[in-house]
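Some notes on the structure that comes next.
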Amino acid sequence: MWLGEARLGAVRHGVAGEDNYRKERTFNMTYQWKGPVVCKIDAQIAGEELERISQKGALTPKHVVDESRPGAAALHEHFDWNDETAAEKFRVVQARDILRGIVTVTVGGKKVAEPVRAFVSIQHRKYQQIARNGSY
């Protein structure tokens with residue numbers, strides 16, 4: 001799914017953990033979102049902003065949020081800055097982590113060969129009906 005126009009940007013490649021990585025060669029990069037994305041920001045703009053943030057230190061989610069706080073920041077509009085609604089959204093993310101993290105290790109008292117994700121969300125109506133009926 002194409003979500004916008006791709007444009008060129010620059011990325012600096014270097015050695016992890018070394019301060020001189022910013023002195024390395026610069027390559028032009030074209031960014032696009034991987035699959036459907038709920039982000040309103042153009043992928044090229046987001047990629048270039050992440051490059052800018054990475055020049056200030058480690059590129060962590062916390063660092064991205066902190067750099068995006070000012071209203072003029074390129075990624076600012078992607079975040080919910082209302083603490084009440086943001087807190088509820090975060091609880092949903094935490095619940096999603098729980099659902100993704102639970103695996104089945106035994107079935108009927110017998111150990112399975114490999115842990116299997118215990119809960120899977122089914123989005124297609126046809127398969128939701130089959131799942132509700134308890135048969136496949």
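The values are calculated or read from the model by the stated rules, or taken from the named source; none is laboratory data. All figures in this text were calculated on a predicted structure; none of them were measured in a lab. Virtual Cβ from ideal backbone geometry, glycine too; neighbours counted across all protein chains shown.
So the values come out like this:
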quantity	calculated
Criterion (in contact (Cβ under 8 Å) with a residue 12 or more places away in the chain, assigned to a loop (DSSP other than H, G, I, E, B), under 30 Å from Y31 (Cβ atoms) and not charged (D, E, K, R)) met by exactly one of A74, A58, A46	A74
Search result, residues across the stretch 72-114 that are under 17 Å from V38 (Cα atoms) and among the small types (G, A, S)	A74, A86
Sole exception among (1) under 30 Å from V116 (Cα atoms); (2) outside the structural domain of P115 (by TED's automatic domain parsing) for I98, by number	(2)
All positions within the stretch 38-75 that are closer than 17 Å to A86 by Cα and of a type in the set (A, V, I, L, M)	V38, V64, V65, L75
Members of the stretch 106-121 found to be surrounded by 11 or more Cβ atoms within 10 Å (Cβ to Cβ) and in a strand (DSSP E or B), listed by number	V112, P115, V116, R117
Boolean, T85 is under 29 Å from S121 (Cβ atoms) and over 20 Å from the mean Cα position of the chain (by Cα)	no
